[in-house]
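Enquirer: Questions regarding the structure given below will be posed in turn.
The values are calculated or read from the model by the stated rules, or taken from the named source; none is laboratory data. This one's a predicted model, so the numbers in the text were calculated from it and none came from an experiment. Note that each Cβ is placed from the backbone with ideal geometry, even for glycine, and that neighbours are counted across all protein chains shown. Ligands, DNA and RNA are stripped out before the accessible areas are found, and what is left, the full protein with its side chains, is counted by its heavy atoms. Shrake-Rupley method; radii C 1.70, N 1.55, O 1.52, S 1.80 Å.
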Amino acid sequence: MRKKILFVINTLGRAGAETALLELLKFLDSPEYDISLYVIMGQGEMAGKLPAYVRLRNPSFDEHSVLSRKGKRRMMKTVCKAFFRNGGLVKKIRNIVRNLTSMRGRGKLQTDKLLWRMLSDGSLRFEEEFDLAVAWLEGASAYYVAEHVRAARKCAFIHIDYESAGYTREMDQNCWDSFEKIFAVSREVREHFLAVYPEYADKTGVFHNLVDQEGIRRRSRERGGGFYGMEGGSNGMEGGSNGMEGGSNGMEGGSDGYEGKRLLTVGRLTYQKATDIAIDAMKILKERGCQARWYVLGDGDQRGALEKKIAALGLKEDFVLLGAVENPYPYYVQADIYVHATRFEGKSIAIQEAQTLGCAVIASDCNGNREQIEEGVDGIFCQLTPEGIADSIEALLGDEEKRKKLGKAAERKNMAQEQELQKLLELL
């Protein structure tokens, strides 16, 4: 009999955890498994990338991003429906008030975490029992699987620095007791989770993100992609930094007419990703006469504020927010340096992609990033200050030999797959 597995995630937008789930699902294409996915918010632009053998359990699904105008309207409808669905209005209000009080005490209001438990309680329920239920994210997914899913076994994944992200015992209400296994995506993520929940040390392990390195390299060679796609760009080139020489991989100019050095960052425009600090660093680089342009792929709730800051500092031509793109990989191979200066991380998919494609990587010396880079071997660290970021970029842009050395070492990294997958399948 086929094993029935249910995955639960909060949204299916274009972000690291969602990308990691899609990669994992690729490895579960087997007649032995009946795979289902339930998305708490019932929306996200990545739904079209689900493998055909994955059954999406939402009766209706909206593929608009939660960051778009239509997506935000849909999200508000979902929140309202969840408030009234399944009853328990007094309990839902009590949880919202409790979370709001806790957040005010810490001096930081986080709207998503304020509503996660209410959304969990107001989500659809399934009568059937699963062999394995997987809460792929913290928050609503974990609460939902713990309290509202019938399964022989349950496991959960932690993708973030739990302390820095703002989760608390008061929010969680003992949900982690329900899970037989808890997987953190890196050793540091595990350590920070156990700092909050030391009693779960025996059942908390590490499960590294699965990365399809060959698939990434193949997509980096797709025609019409990246900065140069409209001008021949990566057309006919053999992947990553392989065989390419010099800054921007030896290519002169691009479809936007820019011929200087290119910096790239891939990530959501949120507080965690510290794009505000990167903008200040770009201002310093410009004042120093550094001929570089910084591009960011991704979108988020801080876009408006960041655009205002870019304009106020006179950086419209120097710091470019390109938004989310369907295929980011050609951009990696056409950039001179990949910069990942974030406040904290779990385990960055973007860094793994950059390394796979042979990028010279600069990352902030913070939780999550430290585990992915060997200093001076396959990347370098910088301090998360405008000056620290600018200093590291300026030094590396001036050392082509070092950029090549770091990129080649990064490209050789082997990101194991099968042994990680086995950790999950052992639960069956």
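Enquirer: Looking only at residues in the range 80-100 that are touching a helix residue (DSSP H, G or I) at 6+ places or on another chain (Cβ under 7 Å) and not in a helix (DSSP H, G or I), which one is nearest to residue 2 (Cα to Cα)?
Expert: 86
Enquirer: For the condition in a helix (DSSP H, G or I) and modelled with pLDDT of 90 or more, what is the one hit in 113, 77?
Expert: Result of the check over 113, 77: 77.
Enquirer: What about residue 236, is it of a type outside the set (Val, Ile, Thr), open to solvent by 30 Å² or more (accessible area, probe 1.4 Å), part of a loop (DSSP other than H, G, I, E, B) and modelled with pLDDT under 50?
Expert: Answer is yes for this residue.
Enquirer: Considering only the range 265-282, I want to know if a residue exists there that is over 18 Å from the mean Cα position of the chain (by Cα), over 17 Å from residue 396 (Cβ atoms), at pLDDT 95 or above and not in a helix (DSSP H, G or I).
Expert: no
Enquirer: Tell me, yes or no, whether the range 4-16 has at least one residue that is surrounded by fewer than 17 Cβ atoms within 10 Å (Cβ to Cβ), at pLDDT below 95 and on the phi < 0 side of the Ramachandran plot.
Expert: No; the residues of the range 4-16 include none that is surrounded by fewer than 17 Cβ atoms within 10 Å (Cβ to Cβ), at pLDDT below 95 and on the phi < 0 side of the Ramachandran plot.
Enquirer: Restricting attention to the range 309-337, and to residues there that are touching a residue at least 24 places away in the same chain (Cβ under 8 Å) and in a helix (DSSP H, G or I), which single residue is surrounded by the most Cβ atoms within 10 Å (Cβ to Cβ)?
Expert: My answer is 333.
Enquirer: Let me ask something additional. In the range 129-186, what residues are assigned to a strand (DSSP E or B), open to solvent by 10 Å² or more (accessible area, probe 1.4 Å) and touching a helix residue (DSSP H, G or I) at 6+ places or on another chain (Cβ under 9 Å)?
Expert: Once the filter is applied, which keeps residues that are assigned to a strand (DSSP E or B), open to solvent by 10 Å² or more (accessible area, probe 1.4 Å) and touching a helix residue (DSSP H, G or I) at 6+ places or on another chain (Cβ under 9 Å), the range 129-186 yields 151, 154, 181.
Enquirer: Sticking with this one: Modelled with pLDDT of 95 or more, more than 15 Å from residue 119 (Cα to Cα) and not β-branched (Val, Ile, Thr): does that describe residue 57?
Expert: So residue 57 fits the description; yes.
Enquirer: Pick from the range 283-295 the residues that are open to solvent by less than 50 Å² (accessible area, probe 1.4 Å) and touching a Lys or Arg at 6+ places or on another chain (Cβ under 9 Å): which of them is farthest from residue 387 (Cα to Cα)?
Expert: For the range 283-295, the residue satisfying everything is 295.
Conditions (1) without any contact (Cβ under 8 Å) to a residue 24 or more places away in the chain; (2) open to solvent by less than 80 Å² (accessible area, probe 1.4 Å), marked per residue:
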position	(1), (2)
22	no, yes
38	no, yes
50	no, yes
60	yes, yes
71	no, yes
77	yes, no
88	no, yes
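Enquirer: Please verify whether residue 409 is part of a helix (DSSP H, G or I) and open to solvent by 20 Å² or more (accessible area, probe 1.4 Å), treating the condition exactly as stated.
Expert: No.
Enquirer: Only residues in the range 363-376 that are closer than 16 Å to residue 389 by Cβ and modelled with pLDDT of 85 or more count as the first member; pair them with residues that are among the polar types (S, T, N, Q) and open to solvent by 30 Å² or more (accessible area, probe 1.4 Å), Cβ under 7 angstrom, at least 6 apart or cross-chain, and list the lot.
Expert: 365/383
Enquirer: Is it the case, given these coordinates, that residue 379 is within 27 Å of residue 260 (Cβ to Cβ) and at pLDDT below 95?
Expert: Criteria met by residue 379.
Enquirer: Among the residues of the range 343-388, how many are open to solvent by 30 Å² or more (accessible area, probe 1.4 Å) and of a type in the set (Val, Ile, Thr)?
Expert: 2
Enquirer: Shifting gears a bit: Tally time: how many residues in the range 204-226 are farther than 15 Å from residue 355 by Cβ and crowded, with 16+ Cβ neighbours inside 10 Å?
Expert: Total meeting the criteria: 7.
Enquirer: Are any residues in the range 48-64 of a type in the set (A, V, I, L, M, F, W, C), within 23 Å of residue 121 (Cα to Cα) and not in a loop (DSSP other than H, G, I, E, B), and if so, which ones?
Expert: 56, the sole residue that qualifies.
Enquirer: Let me ask another. Only one of these conditions is not met by residue 103: (1) open to solvent by less than 10 Å² (accessible area, probe 1.4 Å); (2) in contact with a helix residue (DSSP H, G or I) (Cβ under 7 Å, 6 or more places away or on another chain); (3) within 30 Å of residue 421 (Cα to Cα). Which number is it?
Expert: All conditions are met except number (3).
Enquirer: Let me ask something additional. Could you list all residues from the range 106-128 that are open to solvent by 30 Å² or more (accessible area, probe 1.4 Å), among the charged types (D, E, K, R) and within 17 Å of residue 9 (Cα to Cα)?
Expert: 112, 125
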